[in-house]
2 protein chains.
Amino acid sequence: MPVTIKDIAKRTGKSITTVSRALHGYQDVSPETRAMIVRVAEEMGYTPNLLAQRLQKQRTDTLGFILPTFGPRFSDPFFSEFLAGIGNTAGEYGYDLLVSTQPPGEKELEVYRQKVMGRQVDGFVVVRTRCQDPRIQYLRKVQTPFVAFGRTEGDLDYPFVDEDGVAGMKMLVRHLLSLGHQHIAYISPPLEFTFARDRMRGVREALAEANLTLAEDYLAFGDLTQRSGLAQAQKLLSLSKPPTAIIAGNDLMAFGAMSAVQQRGLRVGRDIAIAGFDDIPMAETAHPPLTTVHQPIYKIGRMITDMLIKIVRGEPLETQQVVLQPQLIIRQSCGE
Amino acid sequence: MPVTIKDIAKRTGKSITTVSRALHGYQDVSPETRAMIVRVAEEMGYTPNLLAQRLQKQRTDTLGFILPTFGPRFSDPFFSEFLAGIGNTAGEYGYDLLVSTQPPGEKELEVYRQKVMGRQVDGFVVVRTRCQDPRIQYLRKVQTPFVAFGRTEGDLDYPFVDEDGVAGMKMLVRHLLSLGHQHIAYISPPLEFTFARDRMRGVREALAEANLTLAEDYLAFGDLTQRSGLAQAQKLLSLSKPPTAIIAGNDLMAFGAMSAVQQRGLRVGRDIAIAGFDDIPMAETAHPPLTTVHQPIYKIGRMITDMLIKIVRGEPLETQQVVLQPQLIIRQSCGE
DNA sequence: ATTGACATCCAAAACGTTTTGGATTACAAT
DNA sequence: ATTGTAATCCAAAACGTTTTGGATGTCAAT
């Protein structure tokens with residue numbers, strides 16, 4: 001039913017070739033013919049069939065993004081902002097965004113394979129890298145363009161954007177030390193994630209600077225959710241010698257920790273310090289506002305997409321590995 | 001470079017037709033030939049070129065979802081959950097999800113038009129409907145399948161899923177009334193959204209049942225963000241006769257209102273009641289936990305996608321308009 | 001009158017599939 | 001020997017584009 005280039009050809013009495021060339025501004029079609037064809041195309045409401053165009057041009061103008069969802073009640077404010085970043089940038093450059101949702105696991109890689117082999121996307125945005133990341137290994141192997149948010153173990157030779165988690169955590173821990181805290185606990189995200197190792201290393205190194213160590217019972221592990229932050233903080237608080245400060249590996253778990261503190265009738269920022277990492281929008285308006293390390297998620301989304309588009313277009317990349325320096329955001333959750 | 005059906009044909013000495021038919025399980029190819037072709041295809045690592053397949057089949061197996069982003073610091077936990085719902089369902093049925101981000105406005109409709117005319121998607125998920133929704137008018141006009149989350153004015157004859165906002169708000173207001181509140185303020189989302197009108201009507205009707213009205217200075221308007229909830233609540237609290245309860249039109253604004261209360265040194269749930277709407281995951285772990293009206297966002301995402309897929313496949317729909325009954329979630333933000 | 005240059009046009013191939021409408025063969029029934 | 005039937009195969013068209021490699025015509029210079 002929709003009007004094709006063939007319809008225009010018939011209507012104008014010109015050939016398919018000429019119509020195509022007229023609409024694309026080639027110089028070998030006379031001004032009058034072009035004007036006429038353009039007018040008719042407009043009148044008939046022509047829009048090119050992108051599938052046909054892409055099949056012929058052998059590129060998809062589509063970027064892939066596979067969202068790692070953890071369980072049905074998946075809600076990570078982190079991702080909506082990141083998605084806005086890639087979505088907006090892709091749109092500006094005329095790229096589509098193909099989104100899949102997949103929990104990490106075997107099937108995850110299957111989805112990548114399917115999109116790559118089915119030639120559905122020109123490249124991928126890979127997010128939340130793991131130390132040995134099969135996705136990155138695969139994409140490198142099949143030589144499909146991608147840009148990662150985060151590094152893997154060994155910092156191989158592939159493009160990524162990351163924030164320096166070690167430095168970020170060190171700033172945070174030093175801040176807590178400067179406030180007099182000696183008993184600092186840490187709730188870590190699963191260590192398969194590279195950023196989790198970095199952040200943990202930051203904690204350890206900063207403590208070491210003050211001749212302290214991270215005691216075994218002051219180290220807990222959560223799964224990035226608020227719920228797990230709450231559970232782990234409860235455990236920490238019921239130690240015989242509870243910490244005076246709890247750092248969570250991300251803001252969501254920090255919120256959970258705040259709840260745990262408040263459930264015990266303690267006041268966050270007075271009785272105990274809580275800090276997070278990421279600086280999601282809600283951190284600012286939490287009660288009390290959360291001290292955290294800022295990560296410009298939207299901007300990172302934009303940068304990554306910019307880089308990816310340059311790569312798929314074959315344009316040179318000035319820097320293919322970007323490590324952003326973090327910024328400490330001091331709010332009230334660690335006291336004044 | 002990638003292996004095509006033609007390569008297999010050459011390698012097996014069979015025709016393109018036979019290869020295609022063998023791989024699709026047609027009955028007019030001998031078992032031996034089929035086995036041979038399948039084996040070779042496997043060996044050569046064949047995967048069909050989806051673009052070519054779709055061009056030929058004249059359908060895209062792709063669903064469109066245009067995410068209304070408001071500003072760069074866009075973060076709506078609501079959407080990540082909803083996205084998980086549609087993403088998972090689409091994936092299960094073998095559909096791809098094409099996501100665009102676009103702030104509402106003229107360009108928004110342009111994106112719909114482009115996807116429809118470019119034959120990029122089989123149908124759309126439309127979210128956050130407005131009273132006179134140009135997207136719905138357009139999609140109806142061009143007869144493109146879609147399912148909306150939310151209604152428009154007049155409840156026209158199109159498929160949607162919605163929660164009964166009037167009933168939800170009535171439950172909430174009645175709850176507050178039963179706790180003795182007589183001075184209830186309401187922070188409404190922009191009234192262009194249909195759900196905002198419904199929720200407001202719910203507030204008004206429930207107050208009317210108790211022979212109360214919503215005083216003009218107890219009605220504020222926010223833009224769904226936490227920040228605006230905070231600002232509006234501050235305004236309400238500095239009235240000469242401040243309300244004893246503040247209802248926000250969504251949870252995010254309720255969180256903002258909680259911050260405003262706490263900034264004044266008041267205690268949410270004791271000195272003043274705060275309630276929201278949506279029951280996003282964070283509502284449960286907020287401090288204090290937020291009384292709100294539950295909306296099964298993930299499930300709604302799944303239902304909508306289910307319906308949409310049925311429609312694009314031409315299967316019959318048992319009910320094309322679903323209105324879910326809400327559930328009041330009583331937590332501590334309105335006192336015991 | 002040729003030649004060359006230029007402007008304008010187009011047929012056909014190509015992208016990788018699926019489907020249509022037979023063609024061929026073998027074998028049994030007449 | 002012909003006919004019918006079933007099994008197996010395939011050439012060609014189609015989906016809607018873009019691109020290649022000319023074809024044609026005009027006009028000025030020789």
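The values are calculated or read from the model by the stated rules, or taken from the named source; none is laboratory data. Everything numeric here is computed off the predicted structure, so don't read it as measured data. Virtual Cβ from ideal backbone geometry, glycine too; neighbours counted across all protein chains shown. Protein only, heavy atoms only, side chains kept; ligands, DNA and RNA dropped before computing areas. Shrake-Rupley method; radii C 1.70, N 1.55, O 1.52, S 1.80 Å.
The residues on offer are B:Val293, B:Val323, and the sole one that is outside any helix (DSSP H, G or I) and under 30 Å from B:Thr144 (Cβ atoms) is B:Val323. Every condition in (1) buried (at least 18 other Cβ atoms within 10 Å of the Cβ); (2) away from DNA strand C (no atom under 12 Å from the Cβ) is met by A:Glu43 except one, and the failing one is (1). Per the conditions (1) more than 10 Å from chain A (Cβ to nearest Cβ); (2) modelled with pLDDT under 90, the sole criterion not satisfied by B:Pro145 is (2).
Filtering the range B:172-197 to residues that are under 10 Å from B:Gly249 (Cα atoms) and in contact with a helix residue (DSSP H, G or I) (Cβ under 7 Å, 6 or more places away or on another chain) leaves B:Tyr186, B:Ile187, B:Ser188, B:Pro189, B:Pro190, B:Phe195. Scanning the range B:88-99 for any residue that is out of contact with any Gly (no Cβ under 8 Å at 6 or more places or on another chain), within 16 Å of DNA strand D (Cβ to nearest atom) and in the same structural domain as B:Val312 (by TED's automatic domain parsing) turns up nothing. Picking from residues in the range A:1-12 that are without any contact (Cβ under 8 Å) to a residue 12 or more places away in the chain and more than 7 Å from DNA strand D (Cβ to nearest atom), the one that is surrounded by the fewest Cβ atoms within 10 Å (Cβ to Cβ) is A:Met1. Can you find a residue that is basic (Lys, Arg), within 11 Å of DNA strand D (Cβ to nearest atom) and within 21 Å of A:Lys115 (Cα to Cα) anywhere in the range A:17-24? No, every residue in the range A:17-24 fails to be basic (Lys, Arg), within 11 Å of DNA strand D (Cβ to nearest atom) and within 21 Å of A:Lys115 (Cα to Cα).
Pairing residues of the range A:21-34 that are on the phi < 0 side of the Ramachandran plot with residues that are within 10 Å of DNA strand D (Cβ to nearest atom), at Cβ distances under 6 Å and at least 6 apart in sequence or on separate chains, gives A:Val29/A:Thr18; A:Val29/A:Arg21; A:Val29/A:Ala22; A:Arg34/A:Ala22. Can you pull out the strands (runs of 3 or more DSSP E) entirely within the range A:165-248 that have at least 1 residues that are without any contact (Cβ under 8 Å) to a residue 40 or more places away in the chain? Per the criteria, A:219-221.
Just give me the residues in the range B:68-85 being at pLDDT 90 or above and within 24 Å of B:Lys107 (Cα to Cα), in sequence order. Those that are at pLDDT 90 or above and within 24 Å of B:Lys107 (Cα to Cα): B:Phe82, B:Leu83.
For A:Thr12, indicate whether it is under 30 Å from B:Glu81 (Cα atoms) and either assigned by TED's automatic domain parsing to the domain that holds A:Asp278 or touching a helix residue (DSSP H, G or I) at 6+ places or on another chain (Cβ under 6 Å) (or both). Here the answer is no, as A:Thr12 does not meet what is asked.
Checking each residue in the range A:259-315 for being aliphatic (A, V, I, L, M) and open to solvent by 10 Å² or more (accessible area, probe 1.4 Å) picks out A:Leu266, A:Val268, A:Met282, A:Ala286, A:Met303, A:Met307, A:Ile311, A:Val312.
Of all residues in the range B:105-121, those that are free of Cβ contacts under 8 Å to residues at least 40 places away in the same chain and either at the interface with chain A (Cβ under 9 Å from one of its Cβ atoms) or among the charged types (D, E, K, R) (or both) total 8.
For beta carbons closer than 7 Å, sequence separation of 6+ or different chains, a first residue in the range A:140-163 that is open to solvent by 70 Å² or more (accessible area, probe 1.4 Å) and a second that is assigned to a loop (DSSP other than H, G, I, E, B), the qualifying pairs are A:Arg140/A:Tyr158; A:Glu153/A:Cys131; A:Glu153/A:Gln132. Just a yes or no: is a residue in the range B:13-20 out of contact with any Gly (no Cβ under 8 Å at 6 or more places or on another chain), open to solvent by less than 20 Å² (accessible area, probe 1.4 Å) and more than 10 Å from DNA strand C (Cβ to nearest atom)? So far as the range B:13-20 goes, no, none of its residues is out of contact with any Gly (no Cβ under 8 Å at 6 or more places or on another chain), open to solvent by less than 20 Å² (accessible area, probe 1.4 Å) and more than 10 Å from DNA strand C (Cβ to nearest atom). As a summary of the residue check, B:Asp133 satisfies the conditions (1) open to solvent by less than 20 Å² (accessible area, probe 1.4 Å); (2) of a type outside the set (Val, Ile, Thr); (3) at pLDDT 95 or above except for the one numbered (3). Scanning the range B:249-260 for residues that are within 9 Å of chain A (Cβ to nearest Cβ) and either in contact with a strand residue (DSSP E or B) (Cβ under 6 Å, 6 or more places away or on another chain) or assigned to a loop (DSSP other than H, G, I, E, B) (or both) turns up just one, B:Met258. Considering the range B:282-336, the residues that are among the small types (Gly, Ala, Ser) and over 20 Å from the mean Cα position of the chain (by Cα) include one that is nearest to the other protein chains (Cβ to nearest Cβ), namely B:Ala286. For the range A:30-58, residues that are more than 10 Å from chain B (Cβ to nearest Cβ) and touching a helix residue (DSSP H, G or I) at 6+ places or on another chain (Cβ under 8 Å) total 8. Here A:Leu214 fits the description: surrounded by 15 or more Cβ atoms within 10 Å (Cβ to Cβ) and under 24 Å from A:Phe255 (Cα atoms).
Does A:Gly64 count as farther than 30 Å from B:Val3 by Cβ and either free of Cβ contacts under 8 Å to residues at least 24 places away in the same chain or buried (at least 22 other Cβ atoms within 10 Å of the Cβ) (or both)? The answer is no for A:Gly64. Looking at the range B:51-61, is at least one residue more than 9 Å from DNA strand D (Cβ to nearest atom), surrounded by fewer than 16 Cβ atoms within 10 Å (Cβ to Cβ), under 44 Å from the mean Cα position of the chain (by Cα) and at pLDDT below 95? Yes, there is a match, as at least one residue in the range B:51-61 is more than 9 Å from DNA strand D (Cβ to nearest atom), surrounded by fewer than 16 Cβ atoms within 10 Å (Cβ to Cβ), under 44 Å from the mean Cα position of the chain (by Cα) and at pLDDT below 95.
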